[in-house]
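For reference, the structure discussed in these notes is given below.
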Amino acid sequence: MSEPLTESLAATTAAPATAPAIARRGVWRTLRRRPLFWVAAAVLAVLALVALVPLAFAGWFGHPDPRACDLAESALPPGGGHVLGTDVQGCDVWANVVFGTRASLTVGLLCTAVALAVALVVGTLAGYYGGFLDRVVARLTDVFLGFPFLLGAVVVLTSVGSRSAVSVALVLALFSWPTMARLVRGSVRTVRDAPYVEAARAMGLPDRRIIARYVLPNALGPVLAVATIMVGSVIVAESTLTFLGLGLNAPSISWGLQLSSAQAFFQTSPHMLVAPAAVLTITVLAMITLGDVLRDVLDPRGRS
Amino acid sequence: MTVPDSAVTSASRSVSGSVSGPVSDSVPDSVPDSASDPVSGLVAGPGPDPVTDRTPVLEVRDLTVSFRVDDGHTPSVHAVRGVSFDVLPGEVLAIVGESGSGKSVTSLALLGLLGRHAVVGGSARLGGPGKTPVELIGLERRALQDVRGRRVAMVFQDSSGALDPVFTIGYQLDEMLRRHAPDLSRAQRRDRAVELLSMVELPDPAERLRFYPHQFSGGQAQRVMIAMALACDPEVLLADEPTTALDVTVQREVLDVLRRLRERVSTSIVLITHDMGVVADLADRVVVMRGGEVVETAPVRQLFDAPGAAYTRELLAAVPRVGTPERPNGAVGAERPALAFDDLVVEYRDRRGRAVRAVDGVTLSVQPGEIVALVGESGSGKSSMGRCALGLAPVTSGSVEVVGTRPGHDSPRAVRAARARIGVVFQNPAASLNPRYSIGESVAEPLLVHAGLRGAELERRTAELLESVELPAAWVSRYPHELSGGQLQRVSIARAISLGPDLLIADEPTSALDVSVQATVLELFREVQRSLGFACLFISHDLAVVDELADRVAVMHRGRLVETGARTRVLGSPEQEYTRRLLAAAPVPDPVEQAARRAG
């Protein structure tokens, strides 16, 4: 390399802009240019807004109260005053979907977050250190996986006094972390023996740093993908529990409740099922898309 | 074990006859050898000296391959640009070049094995004496499948990966014959399979048919692959780096088989390799490729004696050779060695829980400022020694003392602190750097963690280190996947020397690199060592590399230390039979000398 070139390069390095500090170079820049990111982010932002202030949205079509039901207007098809029709009780479907957002998103996101957090800690420790802890975790997850989920949920939920979105989310998390932990453990194990992790160990880095900076970032990809899908399945699981009378109690409103009450009338009034199912699908798709885009962009190889 | 020529001949005749009909009638007149004897087109006579006036078996003209990138949004990558060469009957044509030169892409393009993003142009006419000529480029899929294996066969680098682990090799050979020679009866197929295995000199071929791939060593598995490739008497055998993954002594064994094969079958061999020693050993003619173009085509002796192209000269000059003159030992007299193994034993547990002894009572020390090379084949335990010094392998008995601490005896805190004084360079630079770190972060890591540098000071040191390994300092924010192998190995070296280590452990640091890159990395390594004066344990299988670098050499075989001594003594006048064998097995990049060694 020629001398002046080296000089100029050294000069640019002295400027703060090119130092190791800008390690996350281009994450936001790349993210910004992905249209899919904006679509997913917009959908989730709208959903968040709806969950926070449902009143602002419910009244758009003249029937703001989801609990103002008129049995005479039972199962009206979409059109007229009820833009998405009414359900079997004569309640406005639109208002119900809007008011159900908070409960459903709370259950879906909270449960996934709790399960993910537990799974990350347990799975990483088991996967990275192996040995006794690993065997304990493996057997424990076996027990949870072998145990019928519904039976477990029934037992736990009946012993819980009051049932709110939060308590349902926690019970669901209790039964869904083992699968995630398995995944994390497997993922961590494959990365654990990678040469760059050995190199980090040979450099004498503390385990904390190795796990946080070397193992986890490289092991997180598949876990992130499963977590985003899990949000949807949890929202559906809540509806199953509710259908059995174990989830949210009747005056509560959630997409799951709507789905479970609508499925009996699917052949005569499909509109009752379509609306909550559509928002659920959109939510899950937005989550998955966002997860995918993030995973791509966080990997330096996917960045421009 | 050798097979009588007649047996092979008759079998070749029967298979070829049944596959492609009568052979003798359609032999062109321009092939005098074949015209005199109807079958000699299939079986070349002994002494296959390069004959120029025969019609080629494979004629490649203006072959181009480009890859569409990003669905055509980004300009295509032109991997091969107008390559032409001929493959003559019975010859070994070597295609040499460094990675990225397009040599493998060329061979894959011939068999239509490139993905759908590849656009292949030009012409490749296949047509041995007495065979129907066929144009391979643009051939439709079904016809191509018929050509693959039957008329053009391929041997890949990773033999154990290319054999299906759940079937016996007898079954796999049988399947190949069933597909391409459906006329043969079951018994005939079996006979042919036995014959093929004896052709590649596997002992007890009939017994070996019942073996599974994992029961073979790497060299044997590669020989099975060759046997399988030869099953239908192909006109051309494409061998893509067939010995690169093998140890020198095993490589020798496979090269021997390939060499003697030429006397038994008529198949022309296209040998794709980066190893000039292998070229000198086996090839008749050589095509040198660079950047997708042919730089030079010449008979092997001419290429080595009087290389025409400047690039060929560079390539030949970059190949390290045993026999560098005496130079001063860098060792500094000190009370304590930088690294000392005392009667070290390392045992691993295999899947059934049995103890496997990787290192068996080795005593060795590295003085400050000295480079000690640890040499041996794979499985000799040399890497386990290095890993032991780094605390990555268990010490079963004996002891290791690294820069004044003894892992396992001293407190973990002291051992960890000592790590700051040890640098490591691993074999595969692409895998030994965290893909999520920019190279600046990787180099800065030891400074940050051990030296506690922050902010501007850290940035300054990182930039300095990158420049000291001749990389632009502005590259701090690049990521490993944006750099080439040689550049990455420079990053690894920068990281290893960032704290000014007392000891550096280098495990095969150049074996994943091209020769010319290897030469520059070795040069850099030498300079850095001279200026910093650290002790170094240099683990390698390549005696020529070791000869260029080391002060002392230690030879390992099956976990034991066979021979230790000054470099010139061990490599110049080895005392042990095993060291001599190792030295003799590595092919020399000189066809005359190689021929003399073969004869002797």
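Just so it is clear, none of the values below were taken in a lab; they were calculated from the coordinates. What you see is a predicted model; the values in this text were computed from it and never measured. Cβ: placed from backbone, ideal geometry, glycine included. Neighbour counts: every protein chain shown.
The stretch between A:Ala225 and A:Arg32, if pulled fully straight at 0.36 nm per residue, gains 67.4 nm over its current Cα-Cα span.
Can you compute log10 of I(q)/I(0) for the protein assembly as shown with the Debye formula, treating each Cα as one identical point scatterer, at q = 0.04, 0.05, 0.07 Å⁻¹? Debye output, listed in q order: -0.27, -0.41, -0.76.
State the percent of C-alpha pairs, over all pairs in the range B:391-478, separated by a distance greater than 23 angstrom.
Working: 1400 of 3828 pairs.
It works out to 37 percent of all Cα pairs.
Scanning chain A for cysteines with no neighbouring cysteine C-beta under 4.7 angstrom from their C-beta gives A:Cys111. Within chain B, the selection of entire DSSP H helices by a Cα span of 27 Å or greater along the long axis and an average Kyte-Doolittle value of at least 0.0 returns an empty list.
Ranking A:Phe37, A:Phe266, B:Phe426 by Cβ neighbours within 10 Å, fewest first, what do you get?
Final ranking by Cβ density, sparse to dense: A:Phe266, A:Phe37, B:Phe426.
Filter chain A for me: DSSP H helices, axial length by Cα at least 27 angstrom, mean Kyte-Doolittle hydropathy not below -1.0. List them by residue number. Provide the component values of the computation, followed by the final result.
Numbers: long enough: A:93-129 (51 Å, 1.56); A:165-192 (37 Å, 0.99); A:216-243 (40 Å, 1.51); A:271-298 (40 Å, 1.61).
Qualifying helices, which must be both long enough and hydrophobic enough, are A:93-129, A:165-192, A:216-243, A:271-298.
The fraction of all Cα pairs in the range B:389-545 landing in successive 10 Å bins from 0 to the largest distance is 11, 39, 36, 13, 1, given as whole percents. Placing one equal scatterer on every Cα of chain B and applying the Debye formula, the log10 ratio I(q)/I(0) at q = 0.05, 0.09 Å⁻¹ is -0.25, -0.80. Charging the Cβ of each Asp and Glu at -1 and of each Lys and Arg at +1, and nothing else, the dipole of the protein assembly as shown about its Cα centre rounds to 2360 debye. Across the range A:154-265, counting alpha-carbon atoms alone, Rg and Dmax equal 19.9, 65 Å. Shape analysis of chain A places it in the oblate category; the axes a ≥ b ≥ c from the Cα gyration tensor give an a/c of at least 1.5, with a/b not above b/c. Over the Cα atoms of the range B:116-219, the radius of gyration divided by the Kirkwood radius equals 1.03; this is the Rg/Rh ratio. Max-minus-min Cα coordinates of the range B:237-289 on each principal axis give 27, 27, 17 Å, with the largest extent listed first.
Legend: calculated FRET efficiency, A:Phe265 to A:Val46, from the Cβ-Cβ distance at R0 = 35 Å, rounded to 0.05, equals 0.80. Summarising the label geometry, the points placed 7 Å from Cα in the beta-carbon direction at B:Ala595 and A:Ala117 lie 7.7 nm from one another.
Note on the protein assembly as shown: helix-only mean residue ellipticity at 222 nm, from DSSP H runs of 4+ residues weighted -39500 (n - 2.57) and normalised by residue number, equals -14500 deg cm²/dmol.
Each of B:Pro89, A:Pro270, B:Ser104 was scored by the projection of its Cα onto the charge dipole of the protein assembly as shown, and the greatest displacement toward the positive side belongs to A:Pro270; charges sit on the C-beta of Lys, Arg, Asp and Glu.
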